[in-house]
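Written out below as structure tokens is the structure these notes cover.
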Amino acid sequence: MILPADFVPIAEESGLILSIGQWVLREACRQAREWNDLGLGVVPVAVNVSAAEFEAKDFLSGVRTALITTKVEPQNLELELTETVLMRDADIALMKMVSLKAMGVRLAIDDFGTGYSSFSYLQRFPSDALKLDQSFVQQITSSMQDTTILNAMIDLGKSLKQRVIAEGVETGAQRDFLRLHECDEGQGFYFSPAVPAEQAAALFQAHA
């Protein structure tokens, strides 16, 4: 197992990130289609998008092709874009996001709170979800300041009519805090580590 933090920078430097990203997108959509065909119901998938992928000229056509070839409904694909990626050229990012929304794809702003997006752009970006960075979540029980900031970020997401997703949930105390403050969703080792597709299917069946 090699963590993304270890291989993504190398893939970006070598130029391999584009082909890797295209494969990941197709494979995620293919897997979602397979789960649906197995009778597990609709299983939405979320895919991280790197700066190099998002800025590539054929990015939009690549997304469209992946949806067509795998026959996945666009609303069951969510693309995750970091604030840093979006703010590199906010106006072009906005146009691409509008095009993706026109396809029916859902969009999430990843690692929210660590970038430099302004409130004006947050209002303009047609995103569906804010993913709160794990650095805030992991300090819930030890830092009053981070707790205050996290609560404010949840409120901000609600005011913008976004789904709010907390990253890096590892303890019951963190889950309880997020539930108390009406955070919509959480992800992290508290719920499950990353698992192979077959094991994920078994989890879906167990909780059906």
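Overview of results
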{"read-out": "5 Å binning of all Cα-Cα separations within the chain, expressed as whole percents from 0 upward", "value": "1, 7, 14, 18, 19, 19, 14, 7, 2, 0"}
{"read-out": "Estimated inter-spin distance, T148 and S61, nm [label 7 Å along Cα→Cβ]", "value": "5.2 nm"}
{"read-out": "Distance between the stretch 50-119 and the stretch 132-199 - C-alpha centres, whole angstrom", "value": "22 Å"}
{"read-out": "Viscosity 1.002 mPa s, 20 °C: Kirkwood-radius Stokes-Einstein D of the stretch 128-208 over Cα pairs, µm²/s", "value": "161 µm²/s"}
{"read-out": "Contour excess over end-to-end distance, with Cα ends at T114 and A5 and 0.36 nm allotted per residue", "value": "37.6 nm"}
{"read-out": "Rounded to the nearest 20 debye, dipole of the stretch 70-171 from Cβ charges on Lys, Arg, Asp, Glu", "value": "440 debye"}
{"read-out": "Debye log10 I(q)/I(0) at q = 0.10, 0.15, 0.20 Å⁻¹ for the stretch 1-109, Cα point scatterers", "value": "-0.29, -0.64, -1.10"}
{"read-out": "Sites K71 and E13, calculated FRET efficiency, Cβ-Cβ separation with R0 35 Å, nearest 0.05", "value": "0.50"}
{"read-out": "Extension gain (nm, one decimal) between M95 and A51, 0.36 nm per residue minus Cα-Cα", "value": "14.3 nm"}
{"read-out": "Globularity ratio of the stretch 26-81, using Cα Rg and 2.2 N^0.38 Å", "value": "1.14"}
{"read-out": "Separation in nanometres of the label points that stand 7 Å from Cα toward Cβ, at R124 and R88", "value": "1.9 nm"}
{"read-out": "Dipole magnitude of the chain about its Cα centre (Cβ charges: Lys, Arg +1; Asp, Glu -1), debye to nearest 20", "value": "660 debye"}
{"read-out": "For the chain, calculated [θ]222 nm from helices alone, where every DSSP H run of n ≥ 4 adds -39500 (n - 2.57)", "value": "-16500 deg cm²/dmol"}
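Values in this text are rule-based calculations from the coordinates and carry no lab data. Keep in mind it's a predicted model, so treat the numbers as computed, not measured. Using ideal geometry, Cβ is built from the backbone for each residue, glycine included, and neighbour counts are taken over all protein chains shown.
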